[in-house]
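Step one of this worksheet: look at the structure below.
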Amino acid sequence: MRYAFALGTIALAGLLAAPMAPALAKKASPVASLDTDNDGTVDQNEASKSADALFARLDKDNDGSLTLKELQGRLSKKEFKAADPDNDGTLDKNEFQAIVANRFKEADPDNEGTLDEKELNSKQGKALLRVVR
């Protein structure tokens, strides 16, 4: 009898927990992960600050620049070459921030200066997310 009760309790717990599994597996929304002022949108300043933090994490050798390898697939070779105007094979923080600014502008079709969840989930928004987190 105890064995049947224990099995029933375990089965019931599994049934109750199952609907919660997808919610637990979901990633944090892009807005939530970047929106430091909690206004429900991401502005250029928030994107820029996040990009600075990413730059610091990716710059493993602390030389103040990123190579294509250090960028870990965030830019294609073609994008990297276009973002490297001095052709030194690296992106300094200013060159990296220029990419962020350009991608932010591309992800903001209404030109209001902020990005909402829909804009961040667009193709252009996802391109921005690759260089800010």
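What follows draws every value from the coordinates through simple rules; no lab data is involved. Predicted model, so just to flag it, every value in this text is computed and none were measured. Counting neighbours? That spans all protein chains shown, and the Cβs are built from the backbone with ideal geometry, glycine included.
What the table shows:
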item: Scope segment 44-62; condition free of Cβ contacts under 8 Å to residues at least 12 places away in the same chain and either more than 20 Å from ALA107 (Cα to Cα) or touching a His at 6+ places or on another chain (Cβ under 9 Å) (or both); matching residues; result: ALA53, ALA56, ARG57, ASP59, LYS60, ASP61, ASN62
item: Selected residue [more than 14 Å from the chain's Cα centre (by Cα) and surrounded by 19 or more Cβ atoms within 10 Å (Cβ to Cβ)] from LEU75, LEU66; result: LEU66
item: Residue that is nearest to ARG130 (Cα to Cα), among those in segment 83-106 that are of a type in the set (D, E, K, R) and assigned to a loop (DSSP other than H, G, I, E, B); result: ASP84
item: Matching residues, segment 107-120, being crowded, with 18+ Cβ neighbours inside 10 Å and part of a loop (DSSP other than H, G, I, E, B); result: ASP108
item: Matching residues in segment 78-111 - criterion: being over 19 Å from the mean Cα position of the chain (by Cα) and in contact (Cβ under 8 Å) with a residue 60 or more places away in the chain; result: none
